[in-house]
Amino acid sequence: MLLQAAKDWDIDLAKSWMVGDKLSDIEAGLTAGVRCVMVETGYGREEMEHCPPDVLLAADFAAAAQLILEDVASVRASAIR
């Protein structure tokens with residue numbers, strides 16, 4: 001589904017993120033080649049221990065958004081240097 005959406009909407013998956021509360025969300029994101037954040041809300045608290053080590057962890061969706069925004073700002077700052 002993610003790959004089809006990327007094709008239909010011209011989404012650059014290398015610059016995209018998946019935020020989810022289930023391991024299946026994270027696995028889908030990793031398979032599609034996007035960076036992932038697992039949130040503790042919903043099912044996340046139960047599934048966090050099974051998350052791959054390269055997946056970011058956040059308390060909730062607001063914290064996940066903050067992590068993503070910080071990453072984007074960091075990438076932009078690096079590009080300016």
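Take 70-78, 34-42, 53-61 and order them by the average number of nearby Cβ atoms within 10 Å per residue, most first; the result is 34-42, 53-61, 70-78.
Phi angles of the stretch 33-41 translate, via the Karplus equation with coefficients 6.51, -1.76, 1.60 and θ = phi - 60°, into HN-Hα couplings of x, 9, 7, 10, 10, 9, 9, 6, 5 Hz per residue; Gly and Pro are given as x. Each of Gly33, Cys51, Ile80 was placed along the dipole of the stretch 2-80 (beta-carbon charges, centred on the mean Cα), and the one lying farthest toward the positive end is Ile80. Summarising the amide proton neighbourhood of Met18: residues at separation of 5 or more, or on other chains, whose placed amide H is nearer than 5 Å comprise Arg35, Cys36, Val37. Placing a pseudo-label 7 Å from each Cα along the Cα-to-Cβ vector at Leu57 and Ala77 gives an inter-label distance of 2.5 nm. Span-like helix criteria (full DSSP H runs; alpha carbon extent of at least 24 Å along the helix axis; mean Kyte-Doolittle hydropathy of at least -1.0) are satisfied in the chain by 61-80. For Val55, nonlocal amide neighbours, meaning residues 5 or more places apart or on other chains whose placed amide H falls under 5 Å from its own, do not occur. Recomputing Rg/Rh (Cα atoms, Kirkwood Rh) from the coordinates shown identifies the correct label among (1) 1.42; (2) 0.96; (3) 1.00 as (3).
Only the coordinates and a few stated rules stand behind these numbers; no lab work does. Computed from a predicted structure; not experimentally measured. Positions of Cβ are backbone-derived with ideal geometry, glycine not excepted, and every protein chain shown enters the neighbour counts.
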